[in-house]
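A quick write-up on the structure given underneath.
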Amino acid sequence: MLDRATPLPASVAEFRRIRLRALLLLGLTWASAGGAETALTIREVAPGVFVHLGQQLALDAPGHDDIANIGFIVGTRCVAVIDTGGSVRIGRALRAAIRQRTRLPVCYVVNTHVHVDHVLGNAAFVQDHPSFIGHRALAAAMARSRDFFLQHYAADLDQPPSAAQIIAPDRTVEQSLELDLGERPLSLRAWPTAHTDCDLTVFDDRSGTLWTGDLLFRERLPALDGSASGWLAVIDELARLQVRHAVPGHGPVTEDPGPALQAERAYLRALIEGVHDELAQGGSMQDAIAHVAAAEKLKWLLWDSTHAHNVARVYEQMEWE
Amino acid sequence: MYSYLIAQSAPGRLARGTRLLSAWLLLAFCGASFALGDAQTPASGAWEYLQKQFYPGRDIGLLDESYMSLEAPANTPDPAATPLTLRFGDAALGHIRQIRVIIDNNPSPVAATFDVASGARLAEIDLRVRVDRFTSVRAIAETTDGKIEMRSTWVNASGGCSAPPGAAAAGRLGDIRFRPSPDAKSMLISILHPNNSGFQIDPLSGEPIPSHYVAHIRLSSDGRMLLDADTGISLSENPSLRIASDRPLPAPVTVDIVDSKDAHFNASWRGGVATSAASNTTAGAGGTH
């Protein structure tokens, strides 16, 4: 801290004032996020399409329950929610944001996949009696995750935490499913194993908006829990779709997902090729973590923990391919 | 599966009280046989107990890293398959008789005991282990002149013992793959085996999965035994063992495995550099039940 090249605050008192102000700001942020009826910040990216952008924070940072992009689409009859955030509190704040904009009922809650930052807010919508919709493999994935959520994310549920707050789909998508919100058809598509084994996209035909879930990461390093090669195949298909807006699972909304898909493709290819080369030389998992795709590091946020995980995942799979 | 992703980061975000609570829940869930104190204290009750059991009255030295080192990644990528690397310096080559790998806070702390053949010039051992909760990991070597040396490291990971089984890989139980380095000084050996810890639950049925693990690995090179390992439930699913020497390993390199159901598997690498020596592998099943 006491680096001579760094100008010191004029006095310790001033330093303390600055620190106090920072702490107050932090406290206010938490307090405002803690209010049950506080509405999330929402942007209307196309008429009737509302997105809350999650923050690019680590999974262990304060605010980790607000890292995913979540939102809703409004038709003439009702509302579809797409992902609900990483806590019941965030789900409730999303619901408050919906209520500020429309009195129409929430008829569908769609989860794009099983990850905690996309599903734990589901419980906030039970009172609306919507249909909860997900990939054909989502129910099983949630069953696998339930104990883990309860052990590690209990603080993100209403107290006391209970398994009843982890809401699995009551309607699943085999290949594709059409929903109608009233003059607003949505096309849901279930994908083969890619980011996870239960990835689902939502396409709003009227605005040309594609919600990719975590099949598309921008800025934040893609996290792999499915299959790197499967994900590459899905990226090729996504790149062929004609869309006017793409809402990624993490990172800013874009009118041209091409470059973002290309960046993701480059990272996944580097993973596969790097692990292949490491295994071909009889390298250990630690060797692979140290060497694979290192040139990609400066292109992404939140590299360290996620990259090691991705390498390990690909290594374990390719060991037996 | 996917939960590994978050498991490696989750403990850090939890309040200390919650972390201890979850540690105790895991402890209860896993039926750990050692009553432990604060989950964050490296000197744990398990080690004191094991030290008395395995090294009674012995002085334990702490030589520097140039003699022996133990590494785990700073960010554990997968609590159920945490990679550990043990390296031995020039002074240790050919002078190690036995190595124990102990994970203090695991329900079965002794992950592996490697008996090293006399004269075997072992420069490196890599293995992957389950880590049940934040823990010290130790490597304790007994030298040929009877000294005991220890290195340890701290691993921030939890949930590795109860993590649900991964998706089944292609192949059959007991398949063995060899991946030599281009200079043949090291050999990566991959074993297809669930290595069920006994603390896993089938997520769909809710039923516990009985333990089923690789209990014994014997490694030889050109007809001479190199390494004889007793292993257990702390090895990862699809266990992996990599060994390196300062000299090329003469073919054939042979692996003999016995699992906890007394099934026997063996395979040999007969030379040549191959990404997968599957074509050279003869996975025997003598004694398979």
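In the stretch A:273-289, the qualifying residues are those that are surrounded by 18 or more Cβ atoms within 10 Å (Cβ to Cβ) and hydrophobic (A, V, I, L, M, F, W, C), and the one that is farthest from the chain's Cα centre (by Cα) is A:LEU279. Of all the criteria given as (1) touching a strand residue (DSSP E or B) at 6+ places or on another chain (Cβ under 7 Å); (2) within 14 Å of chain B (Cβ to nearest Cβ); (3) within 23 Å of A:LYS299 (Cα to Cα), the one not satisfied by A:LEU215 is (2). Across the stretch B:92-114, the number of residues qualifying as of a type in the set (Ser, Thr, Tyr) and either without any contact (Cβ under 8 Å) to a residue 40 or more places away in the chain or not in a strand (DSSP E or B) (or both) comes to 1.
Listed by first and then second residue, the pairs with beta-carbon distance under 9 Å, at least 6 apart or on different chains, first residue in the stretch A:153-166 and more than 15 Å from A:GLY91 (Cβ to Cβ), second small (Gly, Ala, Ser) and outside any loop (DSSP other than H, G, I, E, B), are A:ALA154/B:SER22; A:PRO160/A:ALA154. For A:ALA139, state whether it is within 11 Å of chain B (Cβ to nearest Cβ), surrounded by fewer than 24 Cβ atoms within 10 Å (Cβ to Cβ) and over 21 Å from A:ILE67 (Cβ atoms). Here the answer is yes, as A:ALA139 does meet what is asked.
When A:ALA123, A:ALA143 are checked against the criterion of being assigned to a helix (DSSP H, G or I) and either farther than 22 Å from A:ASP214 by Cα or touching a Pro at 6+ places or on another chain (Cβ under 7 Å) (or both), A:ALA143 stands alone in meeting it.
So, in the stretch B:152-161, of the ones that are modelled with pLDDT of 90 or more and in contact with a Leu (Cβ under 9 Å, 6 or more places away or on another chain), which residue ends up nearest to B:PHE199 (Cα to Cα)? My answer is B:CYS161. Among the residues of the stretch B:161-180, those that are among the aliphatic types (A, V, I, L, M), touching a residue at least 40 places away in the same chain (Cβ under 8 Å) and more than 7 Å from chain A (Cβ to nearest Cβ) comprise B:ALA163, B:ALA167, B:LEU173, B:ILE176.
Sort through A:ALA154, A:ALA123, A:ALA141 and tell me the only one that's of a type in the set (A, V, I, L, M) and in contact with a Leu (Cβ under 8 Å, 6 or more places away or on another chain). I'd like the intermediate steps shown before the answer.
Working: A:ALA154 fails: in contact with a Leu (Cβ under 8 Å, 6 or more places away or on another chain); A:ALA141 fails: in contact with a Leu (Cβ under 8 Å, 6 or more places away or on another chain).
The conditions single out A:ALA123.
Filtering the stretch B:215-240 to residues that are among the aliphatic types (A, V, I, L, M) and within 16 Å of B:ILE103 (Cβ to Cβ) leaves B:ALA229, B:ILE233, B:LEU235.
When the stretch B:92-125 is filtered for residues that are crowded, with 20+ Cβ neighbours inside 10 Å and within 14 Å of chain A (Cβ to nearest Cβ), only B:ILE125 remains. Among the conditions (1) buried (at least 24 other Cβ atoms within 10 Å of the Cβ); (2) without any contact (Cβ under 8 Å) to a residue 40 or more places away in the chain, A:GLY134 misses just one, which is (2). Residues that are surrounded by fewer than 22 Cβ atoms within 10 Å (Cβ to Cβ) and farther than 11 Å from A:VAL81 by Cβ within the stretch A:106-130 comprise A:ALA123, A:VAL126, A:GLN127, A:HIS129, listed in sequence order.
Determine, yes or no, whether A:ARG99 is of a type in the set (Lys, Arg), part of a helix (DSSP H, G or I), within 19 Å of the chain's Cα centre (by Cα) and surrounded by fewer than 24 Cβ atoms within 10 Å (Cβ to Cβ). No; evaluated as a whole, the condition is false for this residue. Can you pull out the residues in the stretch A:146-164 that are in a helix (DSSP H, G or I) and surrounded by 21 or more Cβ atoms within 10 Å (Cβ to Cβ)? Across the stretch A:146-164, the qualifying residues are A:PHE148, A:PHE149, A:GLN151, A:HIS152, A:ASP156. If B:TRP154 passes every condition in (1) touching a Phe, Trp or Tyr at 6+ places or on another chain (Cβ under 8 Å); (2) touching a residue at least 60 places away in the same chain (Cβ under 8 Å); (3) crowded, with 17+ Cβ neighbours inside 10 Å but one, which one does it miss? For B:TRP154, the failing item is (3).
What do you reckon, is B:GLU149 in contact with a Leu (Cβ under 8 Å, 6 or more places away or on another chain), more than 7 Å from chain A (Cβ to nearest Cβ) and charged (D, E, K, R)?
When the stated conditions are applied, B:GLU149 passes them.
Residues in the stretch B:73-91 that are surrounded by fewer than 20 Cβ atoms within 10 Å (Cβ to Cβ) and either in a helix (DSSP H, G or I) or more than 11 Å from chain A (Cβ to nearest Cβ) (or both): B:GLY89, B:ASP90, B:ALA91. Take the stretch B:196-223 and flag every residue that is in contact with a Gly (Cβ under 9 Å, 6 or more places away or on another chain) and either of a type in the set (Phe, Trp, Tyr) or in contact (Cβ under 8 Å) with a residue 40 or more places away in the chain (or both). Residues satisfying the conditions are B:SER197, B:PHE199, B:ILE209, B:SER211, B:HIS212, B:TYR213, B:VAL214, B:ALA215.
Could you list, in sequence order, the residues of the stretch B:181-204 that are on the phi < 0 side of the Ramachandran plot, among the small types (Gly, Ala, Ser) and within 10 Å of another protein chain (Cβ to nearest Cβ)?
B:SER181, B:SER186, B:SER190
The values are calculated or read from the model by the stated rules, or taken from the named source; none is laboratory data. The shown structure was predicted, so the numbers you read here are calculated from the model rather than taken from an experiment. Please note: Cβ atoms are built from the backbone with ideal geometry, for glycine as well, and neighbour counts cover all protein chains shown.
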